[in-house]
Structure formats: C-alpha cells, structure tokens
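K.L.:
There's a structure below that I have some questions on.
Every number in this text was worked out from the coordinates using simple rules, so none of it is lab data. Every value quoted in this text rests on a predicted model; they were computed, and no experiment measured them. Quick reminder, even Gly has a Cβ in these numbers, built from the backbone with ideal geometry, and neighbours come from all protein chains shown.
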Amino acid sequence: MNRREFVKCIGAVAGAAAMHGIAFANEGDKKMKCAVVYFSWSGNTRFAAETIAKKAGAALFEIKAETPYNSDFNKCCDEAKPECYGKKLRPIKPIEGLDLAKYDVVFVGTPDWWGTMAPPVRTWVTLNKDALKGKTVGIFQTHGGGGMERVGKEFAEVVGDAAKILPPKAFPGASVKSATKALEAFVTDRLAVK
C-alpha cells in the first residue's frame, strides 16, 4: 500500500467511526486524573478501592477515624449504629497528600452501615463538599446483604448538585474479593460517562 492509499484508508476508518459515534483520542486530549477515597473496617471496601484504583490508574487515599472503631464486630456495631441513625460525623485524620483540585474524577468508597455511608465517610464528604464542586464522583459501597439502600441518596444530599454524581454501585462484601471483573467493569462504565 502506498502513502496515498494509506491516507485514504485512515480517512475511511475515521469517517466510519464518526458515523458510529466512536471517538479517537487526539494528541491534545488529556487523560482524566482519578482518585479513590475510601473507608474500610473489615477490609472488603479496601479490596474494592484497591481494585478500582488499579483499573482507573488512580491515586488511592484511605479515610481513617481519629478513634478507630472496635475490632470486635458487636462492639463496633454498638459504637457505629447510633452514629449512623443520627447521621453523626466521626472525627477523621487528615489525609496526607490528597489535593482534590488535582483530580477530575473521584471514586468514593464506603461500607453500607445500617443503610447509609459509614460515619467517617460522611465526615469526609461534609468536609470536602466544596472541593468536590465540578468533579465527577463515582460512589461504590460494600454491603452484607442490604444493597445500595440510601448511600447514594444521602451522599447526594450532603454534596448537593455541585458535583456530577454518577450512578452508585453496591458490591456484596462476602464475595467482593472474587468480583474483580465486576469492579473493573464499574470503573470502565463510569469513566465512559461524558
């Protein structure tokens, strides 16, 4: 194939792609910078966050409570349940190196505790709602059988309409460590939203 035939071929492919809504990245296009911010008690949300960060090529940041929850499940429930029902904030440690201004897309991960986000996540979202303005936010959570419940709705209530909140996604905690493909598909789907 000579140069002229090659150029015609490329033009035909680009034209067909345009007709079918396929976009090619131009040299001037910049890749969206992503961050994953999460809280995990049992390790399930941590696994999901790490998998999502790897797939998205994202920076990973962990939300930590100033006073950690008890490692005993029943005692943790005694501490967290009243906070969740009361929509209370639990003080968190500053997250070293996180500057939301550097990111276009922020994935936020939480366990589903009594139908809502874990209090440290509520605290982080409340403290950073202004910094999330203009960002695209993808919410993911792990759960013990409750599904999405109110997590996405209450997240949106805290942040308001200043951020573009993508449809949230719930992953069963008991099987999340074998759900790598589903977690990766979540990233692909959310990053494809314009």
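K.L.:
Please work out the ratio of the alpha-carbon Rg of the range 84-148 to 2.2 N^0.38 Å and round it to two decimals.
P.N.:
Values: Rg = 12.6 Å, N = 65, 2.2 N^0.38 = 10.7 Å.
Relative to the rule-of-thumb radius for its length, the range 84-148 sits at 1.17.
K.L.:
How big is the antiparallel share of DSSP beta bridges in the range 110-194, given as a percent to the nearest 5?
P.N.:
Within the range 110-194, antiparallel bridges account for around 20 percent of the total.
K.L.:
Still on this structure, I have one more. Tell me the label-point distance for the pair PHE73, ALA185, using the 7 Å Cα-to-Cβ offset, in nm and rounded to one decimal.
P.N.:
Rounded to a tenth, the inter-label distance reads 2.8 nm.
K.L.:
A follow-up question, please. Please state the Cα pair-distance histogram of the range 27-192 with 5 angstrom bins from zero: what percent is in each bin?
P.N.:
Over the range 27-192, the share of Cα pairs per 5 Å bin runs 2, 9, 19, 24, 22, 14, 7, 2, 1, 0, 0 percent.
K.L.:
Going by how many other Cβ atoms sit within 10 Å of their own, how do MET32, MET148, MET117 line up, fewest first?
P.N.:
MET32, MET148, MET117
K.L.:
If the cut-off is 17 Å between C-alpha atoms, which aspartates and glutamates fall inside it for LYS55, apart from same-chain ones fewer than 8 positions away?
P.N.:
Correct list for LYS55: ASP104, GLU184, ASP189.
K.L.:
Right, something else. Under a point spin-label approximation (7 Å from Cα along Cα-to-Cβ), what is the THR126-LEU100 distance to one decimal in nm?
P.N.:
Computed distance between label sites THR126 and LEU100 equals 1.4 nm.
K.L.:
One quarter of the convex hull surface, Cα atoms only: what value does that give for the range 148-194 in nm²?
P.N.:
Numbers: hull surface 15.4 nm².
Over all viewing directions, the range 148-194 projects a mean Cα-hull area of 3.9 nm².
K.L.:
When the expected Rg is taken as 2.2 N^0.38 Å, what fraction or multiple of it is the alpha-carbon Rg of the range 116-194?
P.N.:
On the way: Rg = 13.0 Å, N = 79, 2.2 N^0.38 = 11.6 Å.
Output field value: 1.12.
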